[in-house]
Amino acid sequence: MAQTSPFVLIRQLESQLNGQLMHYDVSDMAARERRLVIGIRRDIVDARLDTRDYELSETRQEQLDNAKAAIERLEVLRSSILALSEQNVFGAADVAQLTAKIEQIIVNLQ
């Protein structure tokens, strides 16, 4: 079975997250939820860029540094998704699917 590129996986994750979050008006959310949604949107873009940099790295050390940055951002993203699930923004199935995708990306970065 061929391994999917981390960049392709994170683009899929970004698309899925944005698709689910577009149904919510951030201005109508409570302050905590609004911060989490804005943070998720920022972190997924930053993680995508870190993953892109990982794949374009010219040295192994550069690749390891970019992988570490991407993994740290993905961990924050995972905790933000869990926090939003407590506010009923994401359902249990969504959380399971999103966190499984995040875990798959992390495994592919290592």
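The values are calculated or read from the model by the stated rules, or taken from the named source; none is laboratory data. Just so you know, these numbers come straight off a predicted model, no measurement behind them. Methodologically, a virtual Cβ is constructed for each residue, glycine included, from the backbone with ideal geometry; neighbour enumeration extends over all protein chains shown. We work out accessible area using only protein heavy atoms, side chains counted, and drop any ligands, DNA or RNA first. Shrake-Rupley method; radii C 1.70, N 1.55, O 1.52, S 1.80 Å.
Restricted to the stretch 41-69, and to residues there that are over 17 Å from Gln16 (Cβ atoms) and among the hydrophobic types (A, V, I, L, M, F, W, C), the residue that is surrounded by the most Cβ atoms within 10 Å (Cβ to Cβ) is Ala67. So in the stretch 1-27, with the set limited to residues that are part of a loop (DSSP other than H, G, I, E, B) and aliphatic (A, V, I, L, M), which one is least open to solvent (accessible area, probe 1.4 Å)? Within the stretch 1-27, the match that is least open to solvent (accessible area, probe 1.4 Å) is Ala2. Close Cβ contacts (under 9 Å, 6 or more residues apart or on different chains) running from residues in the stretch 16-36 that are within 16 Å of Leu77 (Cβ to Cβ) to residues that are open to solvent by 40 Å² or more (accessible area, probe 1.4 Å) and not in a helix (DSSP H, G or I) comprise Glu33/Tyr24; Glu33/Gln87; Leu36/Gln87. When the residues of the stretch 70-94 are filtered to those that are of a type in the set (Gly, Ala, Ser) and surrounded by fewer than 16 Cβ atoms within 10 Å (Cβ to Cβ), which remaining residue is farthest from Gln20 (Cα to Cα)? The residue in question is Ser79.
Tell me which residues, restricted to the stretch 70-102, are under 17 Å from Val45 (Cα atoms) and among the acidic types (Asp, Glu).
So in the stretch 70-102, the residues under 17 Å from Val45 (Cα atoms) come out as 70-81, 98-99, 101-102.
Of everything in the stretch 70-102, those that are under 17 Å from Val45 (Cα atoms) and among the acidic types (Asp, Glu) turn out to be Glu72, Glu75.
Given the criteria under 18 Å from Ser5 (Cβ atoms) and either surrounded by fewer than 18 Cβ atoms within 10 Å (Cβ to Cβ) or modelled with pLDDT under 95 (or both), does Gln97 qualify? No, not satisfied.
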